[in-house]
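So the structure is just underneath, and the comments pick up after that.
What follows draws every value from the coordinates through simple rules; no lab data is involved. Keep in mind that what you see is a predicted model, and the values were worked out from it rather than measured. We place every Cβ from the backbone using ideal geometry, glycine too, and count neighbours over all the protein chains shown.
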Amino acid sequence: MPIHNIKVKEYECAHCAYRWINRTNGKDGNIPLRCASCKRKNWNHGQANQIWPKGNGLRRRINGFNTLYENDSYYSAHLKYLIGWDKGLCERFLNLEPRPTIQEMEEVIYSSPLQRYNNGSDFYRMQQKVPLEGKPGFFKKDLSGLIQDPKRPEKVIYNPDPNFISDYQKLVAEEAHIRQAIMTNIINSRAM
């Protein structure tokens, strides 16, 4: 009776250490989607590659930056070019290998001088507000766009100059540039 060497792919779950083969009718099958014992989807990655709920929330916020800066550019046409937001930057940042850590994602989110950390409610809460000088954490309404009416000196009107940039718009552009710089630095550090 001859002896045969059969080479078979053996799979091992990183969670429960269960080992199995995936053969049907003498042929190797596809790489399994789930562990045969514990039924977990990430059986071959283990705990290190799992996204925790806090990381999921931070990733969702960073992914919403495209919409946030698109909504900011509705105020004036030249603010969009002043911000210069790269549409694919968030996707490249979130798809890095290895994944961005929670500390790196928090650094990107909490670097806002306007304290706009949440893409939803913070957008309206901090709309047209700038930080108070000498009082960190306090904000006031941005009145830099108001000028005295030339026809009626007792009245105040918004600056009709189409190229005027208010203090709030400068801060929005600064916030976008800071966030882009942080994400680009992290991407470049992983590329080496």
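Observations, loosely collected:
- Distance from the range 126-192 to the range 12-84 (C-alpha centre basis), Å: 35
- Other residues whose C-beta falls under 14 angstrom from the C-beta of residue 140 contribute a net charge of +1, scoring Lys and Arg +1 and Asp and Glu -1.
- Within the straight-line cut-off of under 20 Å between alpha carbons, the lysines reachable from residue 129 are 80, 140, 141, 170, sequence neighbours fewer than 8 places apart in one chain being disregarded.
- Put simply, the range 87-192 fits an ellipsoid with semi-axes of 36, 15, 11 Å; these come from the alpha carbon gyration tensor as the roots of five times its eigenvalues, largest first.
- 0 to 90° range, to nearest 10: angle between helix 53-63 axis and the chain longest Cα axis: 50
- Sequence-separation-based contact order of the chain, relative, with Cα cut under 8 Å and 6+ spacing, percent: 17
- Over all pairs of different C-alpha atoms, the range 1-96 has a mean inverse distance whose reciprocal, the Kirkwood radius, equals 17.9 Å.
- Considering only the Cα atoms of the chain, their convex hull presents on average a projected area of 18.1 nm².
- Charge tally in the Cβ shell below 15 Å around residue 66, where Lys, Arg are +1 and Asp, Glu are -1, residue 66 excluded: +3
- Stokes-Einstein D for the range 131-192, Kirkwood Rh over Cα pairs, 4 °C, 1.567 mPa s (µm²/s): 87
- Other residues with beta-carbon under 14 Å from the beta-carbon of residue 104 carry, at +1 per Lys or Arg and -1 per Asp or Glu, a net charge of +4.
- Binning the C-alpha pair distances of the range 1-50 at 10 Å intervals from 0 yields a P(r) profile of 24, 44, 22, 8, 2 %, listed from the shortest bin outward.
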